[in-house]
Amino acid sequence: MLLTGPEGLKSLTEAYASHSAIPGFVAYNLETVQAIVAAAEAHPTHPVLLQAGSSPFKHAGRDPLMRLALDAAATSSASLGVHLDHSRDLDEITACLKAGYTSIMVDGSHLPFADNIALTREAVRRARDHGAWVEAELGALPGDEDISTNATTTPTAMTDPAQAADFVAQTDVDALAVAVGNVHGFTTTPVTLDLPRLAKIHSTVPIPLVLHGASGLPTPQLQGALTRGVAKINVNAELRRAYLQAVQSQLPNALPGSDVVSIWTAGRQAVTEAASRIITQLSQQP
Ligand code: 13P
């Protein structure tokens, strides 16, 4: 079932209170939408966010992917929100809200502070008209959303706790994505989060925090984040890698008969297993 915006926000708040997190899994196409929904159905008590867009719209097209994700969520037995990830475009945000997205992320992290506030305030205004909740970002997260580039965070790009409190007060967002050493995509050496900085942000910002770049994060780092206000984690690269590894191993069997369905099926199954592992890990949080 598709969680409404208020229901989704309630789930986020409950995760925040219990030091757990809702996973936001990025979906690009039919198989990845189906895979994430299947993983959510295997964990009926743990809400999941299907993050369909904005970057995946470049691959699948906005309308087809929006409809696919919303329909898959609505017809599933699992509790699923449909979330717009990393949007810098108010027209795109409005289109998704009108279609029925239950939350959106407005990403003004590349903008000067005042411009980020202005963009975020406008996104919040539009989202409220549709009952959706809003995630914004402060601080710059390195890496690419669709390809692992082995980037690293410079300390200057990290979220400043005092500025974060000011940002939240001025924008009225529901959740804040932070840069505390986290990186989009896999890195050659495991990421070490700046947990003291995260703790400081948690103590100054009164809303759930979001950790992007959760793929490959060592378990103690993830647990450290969950006990310091992180209530939503974003995962993409881990699902992409699972998909590609499954395709690679199935390819020799598929090529002789041009059996493309077996490739898609293997990829989908691998993404379900990867997403399911992450939901299990989050469900087992104390
Ligand atoms: P990863 O690709 O590192 O999992 O990050 C995903 C993400 O943050 C999407 O917004």
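The values are calculated or read from the model by the stated rules, or taken from the named source; none is laboratory data. All values derive from a computational prediction rather than experimental measurement. Here the Cβ positions follow ideal geometry from the backbone for every residue, glycine too, while neighbour counts run over all protein chains shown. Surface accessibility is based on the protein's heavy atoms, side chains included, excluding ligands, DNA and RNA. Shrake-Rupley method; radii C 1.70, N 1.55, O 1.52, S 1.80 Å.
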For q = 0.11, 0.15, 0.21 Å⁻¹, Debye-computed log10 I/I(0) when each Cα of region 122-228 counts as one equal scatterer: -0.35, -0.63, -1.09
In nm, spacing of pseudo-spin labels at Val260 and Leu90 (7 Å Cα→C-beta vector): 4.1
Inter-probe distance in nm under a simple model that places probes 7 Å from Cα toward Cβ, at Gln245 and His110: 3.2
At 0.890 mPa s and 25 °C, Stokes D of region 1-159 from Kirkwood alpha-carbon radius, µm² per second: 153
All lysines inside 20 Å of Lys200 as judged from Cα atoms, apart from same-chain residues fewer than 8 positions distant: Lys232
Square roots of five times the Cα gyration tensor eigenvalues for region 88-157, Å: 25, 15, 9
With 5 Å bins from 0: P(r) over region 153-286, alpha-carbon pairs, percent: 2, 10, 17, 17, 15, 11, 9, 6, 5, 3, 2, 1, 0
Computed lengthening from Ser55 to Thr4, 0.36 nm per intervening residue step minus Cα-Cα distance: 16.0 nm
Over region 1-93, equivalent-ellipsoid semi-axes from the Cα gyration tensor in Å: 21, 16, 11
Candidate lysines for bridging to Lys58, where Cα separation is under 24 Å - those fewer than 8 sequence places away on the same chain excluded: Lys98
Estimated inter-spin distance, Thr204 and Ala162, nm [label 7 Å along Cα→Cβ]: 0.7
Region 30-82-region 85-117 distance, computed between alpha-carbon centres (Å): 19
The chain: calculated mean residue ellipticity at 222 nm from DSSP helix runs of at least 4, using -39500 (n - 2.57): -15500 deg cm²/dmol
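I need the Kirkwood Rh of the chain: take the reciprocal of the average 1/r across all distinct C-alpha pairs and report it in angstrom.
After inverting the pairwise mean of 1/r, the radius is 18.7 Å.
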Burial ranking of peptide ranges 247-259, 140-152, 45-57 (average Cβ count within 10 Å, highest at the top): 45-57, 140-152, 247-259
Cα-derived Rg to Rh of region 234-286, Kirkwood definition: 1.13
Val261 accessible area, assembled protein chains, probe 1.4 Å, Å²: 90
Relative intensity, log₁₀ I(q)/I(0), of region 24-68 from a Debye sum that treats every alpha carbon as a point, q = 0.15, 0.17, 0.31, 0.32 Å⁻¹: -0.35, -0.43, -1.08, -1.13
Gain in span if fully extended, Asp129 to Thr152, counting 0.36 nm per residue against the direct Cα distance: 4.5 nm
Fraction of antiparallel bridges per DSSP, the chain only, in percent to nearest 5: 0
Cβ-Cβ FRET estimate between Thr75 and Glu14, R0 fixed at 35 Å, reported to 0.05: 0.90
Centroid-to-centroid separation of region 163-203 and region 244-286 [C-alpha atoms, Å]: 31
